[in-house]
DNA sequence: CGTCTTGATTTGACTGATTCAAGACAGCGG
DNA sequence: CCGCTGTCTTGAATCAGTCAAATCAAGACG
């Protein structure tokens with residue numbers, strides 16, 4: 001069978017090449033990988049792959065809507081294949097781990113700004129900052145377990161059970 | 001009178017220096033300036049000011065909570081003095097202009113993620129992407145008027161009149 | 001008012017992420 | 001199977017931001 005990725009590539013008018021299939025494969029495994037992680041991972045399938053090739057592939061995938069680029073402040077860009085459905089991200093301040101979240105409200109009232117200053121808004125992007133389960137254990141609130149090492153132990157349960165709001169510690173004023 | 005900035009600096013335990021007063025002054029004029037703009041602007045008050053000094057000053061201001069750093073994807077970091085009140089930002093895809101917005105809802109329901117994957121969330125950050133009034137005129141929807149030239153014609157009416165939601169073109173699925 | 005301590009700034013080199021450019025190469029339509 | 005065109009390779013460059021050592025000055029003290 002023709003690795004389902006091939007179909008997707010052709011569907012958007014992109015040629016099916018080894019580098020592209022390798023990158024897609026890595027992204028399927030690690031939902032929020034940075035460029036460097038992708039290069040490393042993709043080399044297992046295509047050893048001669050260069051970083052620039054990966055950047056090129058990613059740019060093409062993003063341009064065609066097969067991938068999405070997210071750029072948490074202070075960290076290198078991450079890429080994910082989950083597109084189309086709008087979802088947001090949880091980012092760990094300590095280790096940089098990223099998890100997906102679906103918005104709790106169907107039609108989000110607060111995502112329509114109160115005044116737009118004449119802007120025509122076409123997208124709202126939300127990033128939740130906090131600490132992942134691992135980093136809550138040691139350091140509790142600061143000391144990074146392994147700062148900026150977001151390669152392996154990434155969390156990404158796309159659909160998680162409903163927790164209670166009372167569990168979260170929402171900093172006063174941080175959320176309007 | 002001692003330029004009110006001096007008080008603020010001392011209040012958080014920072015020494016009052018010429019570079020710091022210059023940076024604060026520039027920030028007061030241009031609410032969303034990038035590091036480079038600040039260097040240029042601050043040099044009018046203190047010609048010998050070096051970029052590194054500005055980075056140092058900004059880091060100190062942010063650390064002490066006198067300034068806030070925002071990093072829109074794909075653009076250099078911007079700094080603003082409006083802190084404490086939580087507000088979000090409108091960013092123009094074309095020219096990079098930034099405007100402040102207050103959240104439309106007091107306690108934002110959709111800013112509490114539906115599932116947190118065990119994360120302890122302490123802040124929600126929202127960025128609205130779109131096109132500013134200037135860039136809507138020419139190009140309409142793409143062609144940048146003057147890509148990445150966000151120095152002078154920045155928009156920032158902190159408190160704007162209430163517009164109607166129907167004015168905005170919310171892309172299907174973009175807002176969950 | 002002068003001295004001293006310590007924090008702030010200067011200077012200059014450096015890193016890390018990403019992009020640009022030119023030529024070699026390979027999908028895939030014919 | 002051939003060739004056109006888009007893609008990849010290789011190598012160099014850019015850009016924002018950081019680091020470290022040496023100099024300088026704010027403000028406490030006497």
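The values are calculated or read from the model by the stated rules, or taken from the named source; none is laboratory data. Given the structure is predicted, the values throughout are model-derived calculations rather than measurements. Positions of Cβ are backbone-derived with ideal geometry, glycine not excepted, and every protein chain shown enters the neighbour counts.
For the range B:30-47, how many residues are out of contact with any helix residue (DSSP H, G or I) (no Cβ under 9 Å at 6 or more places or on another chain) and farther than 14 Å from residue B:75 by Cβ? First the steps, then the outcome.
Step one: filter the range B:30-47 for residues out of contact with any helix residue (DSSP H, G or I) (no Cβ under 9 Å at 6 or more places or on another chain), giving B:31-32, B:34, B:47.
Those left that are additionally farther than 14 Å from residue B:75 by Cβ: B:31, B:47.
The total comes to 2.
Yes or no, residue by residue, for (1) within 13 Å of DNA strand C (Cβ to nearest atom); (2) within 14 Å of chain A (Cβ to nearest Cβ); (3) loosely packed, with under 15 Cβ neighbours inside 10 Å; (4) farther than 23 Å from residue A:71 by Cβ:
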site: B:4; (1), (2), (3), (4): no, no, yes, yes
site: B:9; (1), (2), (3), (4): yes, no, no, yes
site: B:20; (1), (2), (3), (4): yes, no, no, yes
site: B:56; (1), (2), (3), (4): yes, no, yes, yes
site: B:60; (1), (2), (3), (4): yes, no, no, yes
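Name the residues in the range A:31-73 that are touching a strand residue (DSSP E or B) at 6+ places or on another chain (Cβ under 9 Å) and in a loop (DSSP other than H, G, I, E, B), would you?
Listed by number, the residues that qualify are A:31, A:32, A:67, A:71, A:72, A:73.
Quick check, is residue A:146 at pLDDT below 50, under 23 Å from residue A:37 (Cβ atoms) and more than 7 Å from every other protein chain (Cβ to nearest Cβ)? Break it down stepwise before answering.
Working: at pLDDT below 50: yes; under 23 Å from residue A:37 (Cβ atoms): yes; more than 7 Å from every other protein chain (Cβ to nearest Cβ): yes.
When the stated conditions are applied, residue A:146 passes them.
Can you tell me which residue is nearest to the other protein chains (Cβ to nearest Cβ) among those in the range B:62-76 that are more than 21 Å from residue B:12 (Cβ to Cβ) and within 11 Å of DNA strand D (Cβ to nearest atom)?
Within the range B:62-76, the subset more than 21 Å from residue B:12 (Cβ to Cβ) is B:71-76.
Retained after the next criterion (residues that are within 11 Å of DNA strand D (Cβ to nearest atom)): B:71-72, B:74-76.
Working: B:71: 4, B:72: 9, B:74: 7, B:75: 10, B:76: 12 Å.
Step by step, filter the range B:62-76, then rank; the result is B:71.
Could you list, in sequence order, the residues of the range B:63-81 that are surrounded by 14 or more Cβ atoms within 10 Å (Cβ to Cβ) and either within 9 Å of DNA strand C (Cβ to nearest atom) or over 28 Å from residue A:123 (Cα atoms) (or both)? Quick ask: steps written out before the conclusion?
Kept after step one, since they are surrounded by 14 or more Cβ atoms within 10 Å (Cβ to Cβ), are these residues of the range B:63-81: B:64, B:66-73, B:75, B:77-81.
Scanning the range B:63-81 gives B:64, B:66.
Take residue B:43 and decide whether it is more than 10 Å from DNA strand D (Cβ to nearest atom), free of Cβ contacts under 8 Å to residues at least 60 places away in the same chain and within 14 Å of chain A (Cβ to nearest Cβ).
Working: more than 10 Å from DNA strand D (Cβ to nearest atom): yes; free of Cβ contacts under 8 Å to residues at least 60 places away in the same chain: yes; within 14 Å of chain A (Cβ to nearest Cβ): no.
Spelling it out, it is not the case that residue B:43 is more than 10 Å from DNA strand D (Cβ to nearest atom), free of Cβ contacts under 8 Å to residues at least 60 places away in the same chain and within 14 Å of chain A (Cβ to nearest Cβ).
Give just the number: which of (1) more than 12 Å from DNA strand C (Cβ to nearest atom); (2) farther than 24 Å from residue B:73 by Cβ; (3) at pLDDT 95 or above does residue A:27 not satisfy?
(2)
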